[in-house]
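One structure below.
The values are calculated or read from the model by the stated rules, or taken from the named source; none is laboratory data. In this text, all values refer to a predicted model and were calculated from it rather than measured experimentally. So basically every Cβ, Gly included, is an ideal-geometry build from the backbone, and we count neighbours across all protein chains shown. Accessible surface is based on the protein model in full, side chains and every heavy atom, while ligands, DNA and RNA are left aside. Shrake-Rupley method; radii C 1.70, N 1.55, O 1.52, S 1.80 Å.
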Amino acid sequence: MKNVSLFYLAIIVLPQFACSQGNEGISVKIEEFGDNGYHKMIYDRRQRPQAVVIKEKVHIVYNGGVNERGAAKPYAITYDLTTNSFSQSVSIPGKFSKDHHYGPIIWADNDDYLHVLSGCHRTPGTHVMSKNPGNIGKSEEDWSVEGEIASSISYPSVSRVLNHKRAMYYRVYEHRSSWSYLISEDGSTDWEKPPFDLVDLNEGDELTSKPHAEMDEASSYHRYLPDKDGKSLHVAFAYYDDNKESLPEKFVNPRYGTKKNLGFKFNLYYVKVNLETHEVYNFEGEQLRTPINLELANEKCKIWDTDWRGSGLPPEIIIDQNDNPSFLHVTSEETPEEFNYHYVRFEENEWKKTVIAPACHKWNNSFLKTNEDGTLTALLLMDDGFFDHKGLSKYSSHGGGTRIEEWVSSDNGHSWDKHKTLLTAEGKYEGWRFNNIQPIKNKEGKVEEGLFLFYGYKDENKEAKAFLMQNQPVNN
């Protein structure tokens with residue numbers, strides 16, 4: 001079998017849904033791309049973006065081209081918004097690997113040259129740049145391999161900040177290492193060094209000679225969002241006990257009475273980073289020393305003690321109508337097999353939580369947005385009951401839903417109602433699951449309304465594909 005990505009396209013036009021604007025409705029078009037896709041070929045919110053819009057063209061990267069050894073590598077494809085058509089998939093210079101963390105991200109620099117970073121998991125990864133601005137080319141020959149951005153990177157995520165600069169937020173090394181960020185003046189090949197260490201929950205305790213049972217193995221998982229003017233980062237994270245030697249006494253969960261790890265991350269922490277001064281503040285505006293360790297995080301940064309309820313991912317962040325951060329977060333409930341989507345916001349001088357809908361898995365990566373009219377919209381991965389993936393392949397190990405549903409709140413998140421179903425696993429997608437919904441931004445970092453990426457898989461076939469979802473107004 002050749003190490004190439006086959007190209008396949010199918011268009012599904014879902015029913016048109018009425019909206020409040022005159023005689024217009026909305027058609028939801030979902031287009032499929034990227035045969036030979038890999039586990040988490042479109043990644044969750046820790047590692048982004050995987051698309052950028054330049055001059056009506058959506059340039060997308062994904063992990064695909066699975067070879068006979070079951071390894072994948074980075075690919076790029078372009079969707080033309082004027083013709084509603086895809087280019088051919090193009091192989092990008094990078095390594096074949098079975099490590100899903102190696103999936104690529106993409107951004108554009110100030111001259112519209114495309115940059116792709118892949119192969120990052122405690123490694124420098126492979127950084128490549130397009131030889132022509134705003135163009136993925138026809139082959140690997142149309143990309144140049146650039147120098148290292150940092151010697152060790154995990155979960156890289158790039159955003160436009162401070163007008164024309166770029167920030168790369170990432171974990172420096174393994175689970176228990178710090179989360180940091182770098183700044184580039186033009187988003188190209190020069191990144192300000194050293195990195196700015198923000199959070200290190202155990203503050204290097206893994207480097208000591210303490211017995212394992214006494215070692216602080218705290219780690220964290222992060223999601224961030226630049227504010228509207230790009231001068232600050234809103235950062236949310238959750239705590240995880242990285243019990244490397246699986247000592248049972250370190251896995252006790254008081255809520256569930258289990259000695260199993262369950263893969264849960266706990267609590268919800270928040271800080272704000274001033275990118276001009278690199279000062280860090282909690283929600284109350286108190287400046288904090290960095291890197292933030294677990295003691296300081298619990299004392300000054302914790303906005304929700306989940307009381308041993310667990311999540312798989314850090315939460316999604318938005319800026320609400322009061323210019324405060326709000327969150328979409330999945331946590332377990334009365335049992336480790338019950339989960340809910342929560343909307344978390346600051347209201348009447350306290351952090352309040354409202355259940356939006358039941359979730360079927362701790363790794364369901366959904367999406368939340370604030371609309372211009374003040375309403376809230378959540379795109380949720382849904383199913384009927386808990387999805388038990390035990391005994392299935394790695395494709396199912398990070399959850400997913402058999403439906404994508406749109407839920408709306410018109411009262412600042414106090415109550416939520418299902419508005420419509422966008423996609424259901426039936427017909428040609430019978431037996432499929434979908435996950436990792438991601439908005440698409442342009443080169444200036446602004447969200448392109450009505451454009452989303454996600455991926456799906458059919459576990460029994462170990463088959464994955466990526467999808468572009470586009471909401472388009474139509475005349476009735």
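Brief remarks follow.
- Peptide packing: for 183-191, 120-128, the average count of neighbouring Cβ atoms within 10 Å per residue gives the ranking 120-128, 183-191, highest mean first.
- Working note: Debye formula, equal point scatterers on the alpha-carbon atoms of region 170-267, no solvent; log10 I(q)/I(0) at q = 0.12, 0.20 Å⁻¹ is -0.51, -1.04.
- Probe 1.4 Å - accessible area at Leu262, Å² to nearest ten: 50
- If you take the Cα centroid of region 324-384 and the Cα centroid of region 37-96, the two points sit 28 Å apart.
- Per residue Cα convex hull volume in Å³ - calculated over the chain: 148
- Rg over Rh for region 258-317 works out to 1.04, using Cα positions for both radii and the Kirkwood form for Rh.
- Region 390-476 - accessible surface per residue (Å², probe 1.4 Å): 43
- Region 356-445 - Debye-derived log10 I(q)/I(0), Cα point model, q = 0.14, 0.17 Å⁻¹: -0.56, -0.78
- Cα Rg, Dmax (largest Cα-Cα span) when computed across region 262-420, Å: 16.6, 50
- A 1.4 Å probe run over region 80-224, with the rest of the protein chains in place, finds 39 Å² accessible per residue.
- Within the accessible area of region 259-371 (1.4 Å probe), percent carbon and sulfur: 41
- Modelled spin labels at Asp305 and Asp80, positioned 7 Å past Cα toward Cβ, are 5.9 nm from each other.
- Neighbour cut-off at most 11 other Cβ (10 Å), DSSP loop, GluC sites (Glu not before Pro), region 281-330: Glu284, Glu286
- Looking at region 338-397, the GluC sites (Glu not before Pro) that sit in a DSSP loop and have at most 13 other Cβ atoms within 10 Å of their own Cβ are Glu348, Glu372.
- For the residues Lys390, Lys165, a 1.4 Å probe over the protein chains yields an accessible-area ranking, largest first, of Lys390, Lys165.
- Flagged links, alpha-carbon separation over 19 Å, of Lys73/Lys394; Lys362/Lys390; Lys394/Lys465; Lys244/Lys390; Lys73/Lys446; Lys272/Lys302: Lys244/Lys390; Lys73/Lys446
- Anchor Lys55: aspartates and glutamates whose Cα lies under 18 Å away (excluding residues fewer than 8 positions away in-chain): Asp80, Asp109, Asp111, Asp112, Glu444, Glu448, Glu449
- Selection of trypsin sites (Lys or Arg not before Pro), region 395-476, meeting DSSP coil and at most 15 other Cβ within 10 Å: Lys446
- Ranking of Ser396, Ser87 by solvent-accessible surface, largest first: Ser87, Ser396 (1.4 Å probe, protein heavy atoms only, all chains present).
- Once C-alpha pairs closer than 8 Å and six or more residues apart are averaged by separation and normalised to the residue number of the chain, the relative contact order reads 13 percent.
- Region 96-253: relative contact order in percent, alpha carbon pairs under 8 Å with at least 6 residues between: 14
- Gap separating the Cα centres of region 224-272 and region 430-476, nearest whole Å: 27
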